[in-house]
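Below is one structure, written out as structure tokens; the observations come after it.
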Amino acid sequence: MVKREKIIQRASEMFVEFGVKSVRMDDVAQDLAISKRTLYELFADKQELLYHSISRVMRNEAEAIRAKVDIKEKGIPALFEIFEMMVARSQVRTRIMENLQKFYPEVFERVMKENRDLGLAQLREQLLGLVELGLVDPNVNIDLAVTMFYYTSMGLIRRHSKLVLPEGVSEESAYAYMVVNFFRGIATLKGVEQIDTYIREKNEKRN
């Protein structure tokens, strides 16, 4: 593995485990048994290393989720599964991003823009795939649907600890409710039938 990539990989693990503020360049150099001079030859400062490290974490997470889900095989429920996986990982993600925003706002903005652009592009591709499968209405304004869904879902995920929900309603149930109803609004009859089947089968597994 290229030295630069090895450093980014290990630094990303350290930032996730110990926090973006706590890990110093000295710590990274010592952990990898390299000199500070070598580290600074590859990265101008901590902010540069931090950007590449957190960006790597976000990309790897997106790729891991994407690899587990096949839109062509599962249709609309594939997006439900993607969202469930994102919710399951939201605590670590939210902690990292909140600390990044607090201590390194410039890095936060760079990572957020990159992550947003990637997320919007992937969601657009997925929705267009569902249109081709006859599961989403072709008359839907895809770009508007992508924007509304992305910002609503990401807003809910990032604010998970601040949500005030009715008694007996879990965060996971609230997220699922939002996602299901969004897709009911843009789905064809075939898509709605697929959603209903997915919900029915999921409820049967719980009972």
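Values as computed for the structure displayed
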| item | result |
| --- | --- |
| Residue count for the range 1-27, restricted to those that are in a helix (DSSP H, G or I) and open to solvent by 50 Å² or more (accessible area, probe 1.4 Å) | 10 |
| Test: residue in the range 154-169 that is modelled with pLDDT of 85 or more, part of a helix (DSSP H, G or I) and more than 17 Å from Leu79 (Cα to Cα) | no |
| Qualifying positions in the range 28-77 - among the small types (Gly, Ala, Ser), touching a residue at least 12 places away in the same chain (Cβ under 8 Å) and part of a helix (DSSP H, G or I) | Ser53, Ser55, Ala62 |
| Counted residues, the range 57-82 - those being farther than 26 Å from Arg184 by Cα and buried (at least 16 other Cβ atoms within 10 Å of the Cβ) | 3 |
| Condition met for Val111 (modelled with pLDDT of 90 or more, in a helix (DSSP H, G or I) and surrounded by 19 or more Cβ atoms within 10 Å (Cβ to Cβ)) | yes |
| Glu106 vs. criteria part of a helix (DSSP H, G or I) and either open to solvent by 70 Å² or more (accessible area, probe 1.4 Å) or closer than 30 Å to Ile186 by Cβ (or both) | yes |
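The values are calculated or read from the model by the stated rules, or taken from the named source; none is laboratory data. From a predicted model like this one, the values you see are computed outputs, not experimental measurements. Cβ sites come from the backbone with ideal geometry, for glycine too, and all protein chains shown count toward neighbours. In case anyone asks, the SASA skips ligands and DNA or RNA and just uses the protein heavy atoms, side chains included. Shrake-Rupley method; radii C 1.70, N 1.55, O 1.52, S 1.80 Å.
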